[in-house]
Structure formats: C-alpha cells, structure tokens
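> Before anything else, here's the structure in question.
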Amino acid sequence: MANIFSGGGRELDLSNGATEAFVEVLMLAVSDLASEAWGLRFAALLIAQDQNVMGRGAVGFHLEEIDWGAGESQRARSKDFVLRTTALAAGGHRWSELGYHPPRVHEYLHQFRVMVESFTPPADSGPYHHFPGPDGAAMASCTRHRVLSGLPKWEGCFLCNRPR
C-alpha cells in the first residue's frame, strides 16, 4: 500500500515506512512553529497522518483539500507556514528525539517543498472535508515529548503511539 500526498499536478507517493518518517519530522517542526489558528489546523492534519492510529497505507492528503484561507494574503501566509515547517524539518530539527535516522526523508521533504511552492491555493472556498476546522485544531501538546497531539481524540503524540 502507498500513501499519497499531492497538489498542483505533483505527487509524493510514499511507502508506509517513508510516510512515517516524513510525517514524524514534519510533526516535530510544526509542534514548535504552530501558534496561530491556521498552523494548529495544519498540525491537526499532520496528526491525522499517524499510521499507528489511522492505519497503515490509509493516510495522505491533497493540497487542494486544504482551506488555505479566504483572502490572498491569508493564503500566502498559510503557504509560507507550510514552507517554513518543511524547511525546519529538512534542517534536522529535533531528529535526535526520533531514536533513528530517517532515511531518504530529505528527498521527500524536497519533493513536498517543490509541490507546495508550485501549488496555487484556490481563491474559491469549497467543502474541505479532510482539513480540520477551527474546532479540530491541535490544541493539546504531549507534556512528555512537547509534540502536538490529537487529544482528546486519542491519547498522546506520535511518539507515545509508537508500537513498542
């Protein structure tokens, strides 16, 4: 099974192991950057990519399914947030906390960055069924790992949910 992240005619098709590494490094970065409503909603989208909770081979998202914002400046800020999160992750931010070196994740982050850079968020608002609304934003942080979590939906963060 594969997990697909896509947008603007580009696709990042990842195996389960690759998805795990990709999402985990992004979660470490987003947990330290998200402080406003949209960033916390994006964090919740990333939390929903935890295969240990959602199922292996059952995650992924399309950039077109994200509510980037109502106005042009808001869409630009949202896109910039995703790019800053990706750049922080690519810099190895907090990777030592993973307990492993994520192989090939730089390549996946580069492909994702290119995908986001080339993507133009739509000006119209549509039904964003897969992007968390304001009430679904990641508001809880795992006190043990300092990572945003899906509380109260499920206990702990991705580090807590790892199979032992």
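> Tally the residues that are surrounded by fewer than 18 Cβ atoms within 10 Å (Cβ to Cβ), outside any helix (DSSP H, G or I) and of a type in the set (A, V, I, L, M, F, W, C), restricting the search to segment 99-126. Break it down into steps so the answer makes sense when it comes.
Taking segment 99-126 first, the residues surrounded by fewer than 18 Cβ atoms within 10 Å (Cβ to Cβ) are 99-101, 103-104, 106-107, 110-111, 113-114, 117-118, 120, 122-126.
If we keep only those that are outside any helix (DSSP H, G or I) too, we end up with 99-101, 103-104, 120, 122-126.
With the extra rule that they be of a type in the set (A, V, I, L, M, F, W, C), the set shrinks to 123.
Qualifying residue count, segment 99-126: 1.
> Considering segment 77-98 alone, what residues qualify as being in a helix (DSSP H, G or I), open to solvent by less than 60 Å² (accessible area, probe 1.4 Å) and not aromatic (Phe, Trp, Tyr)?
Within segment 77-98, the first condition is being in a helix (DSSP H, G or I), and the residues that meet it are 77-90, 95-97.
This time we only want the ones that are open to solvent by less than 60 Å² (accessible area, probe 1.4 Å), so: 78-79, 81-83, 85-86, 88-90, 95.
Answer for segment 77-98, where residues must be in a helix (DSSP H, G or I), open to solvent by less than 60 Å² (accessible area, probe 1.4 Å) and not aromatic (Phe, Trp, Tyr): Ser78, Lys79, Val82, Leu83, Thr85, Thr86, Leu88, Ala89, Ala90.
> Charged (D, E, K, R), assigned to a loop (DSSP other than H, G, I, E, B) and either within 21 Å of Gly9 (Cβ to Cβ) or open to solvent by 30 Å² or more (accessible area, probe 1.4 Å) (or both): does that describe Arg56?
So Arg56 fits the description; yes.
> Please specify each residue of segment 71-86 satisfying the condition of being touching a residue at least 40 places away in the same chain (Cβ under 8 Å) and not β-branched (Val, Ile, Thr). Please lay out each step first, then the result.
So the first thing to find is which residues in segment 71-86 are touching a residue at least 40 places away in the same chain (Cβ under 8 Å), and the list is 72, 75, 78-79, 81-82, 84-86.
Correct list: Glu72, Arg75, Ser78, Lys79, Phe81, Arg84.
> I'm told Ser73 meets every condition in (1) surrounded by fewer than 20 Cβ atoms within 10 Å (Cβ to Cβ); (2) in contact with a helix residue (DSSP H, G or I) (Cβ under 8 Å, 6 or more places away or on another chain) except one. Can you identify the failing condition by its number?
The single condition Ser73 does not satisfy is (2).
> Out of segment 1-34, which residues are in a loop (DSSP other than H, G, I, E, B) and modelled with pLDDT of 90 or more? Let's see the steps before the verdict.
From segment 1-34, those in a loop (DSSP other than H, G, I, E, B) are 1-2, 8-9, 15, 34; that's our starting set.
Across segment 1-34, the qualifying residues are Gly9, Ser15, Ala34.
> Determine which member of the set Phe22, Phe5 is closer than 18 Å to Gly91 by Cα and of a type in the set (Phe, Trp, Tyr).
Values: Phe5 fails: closer than 18 Å to Gly91 by Cα.
Exactly one residue qualifies, and that residue is Phe22.
> Show the residue pairs meeting these rules: Cβ distance below 6 Å; 6+ apart or different chains; first residue within segment 26-37 and more than 21 Å from Gly60 (Cα to Cα); second residue open to solvent by less than 20 Å² (accessible area, probe 1.4 Å) and part of a helix (DSSP H, G or I).
Leu33/Thr85
The values are calculated or read from the model by the stated rules, or taken from the named source; none is laboratory data. None of these values were measured; they are calculated from a predicted model. Because the Cβ atoms are built from the backbone with ideal geometry, glycine has one as well, and the counts that use them run over all protein chains shown. Surface areas here come from the heavy atoms of the whole protein model, side chains and all, with no ligands, DNA or RNA. Shrake-Rupley method; radii C 1.70, N 1.55, O 1.52, S 1.80 Å.
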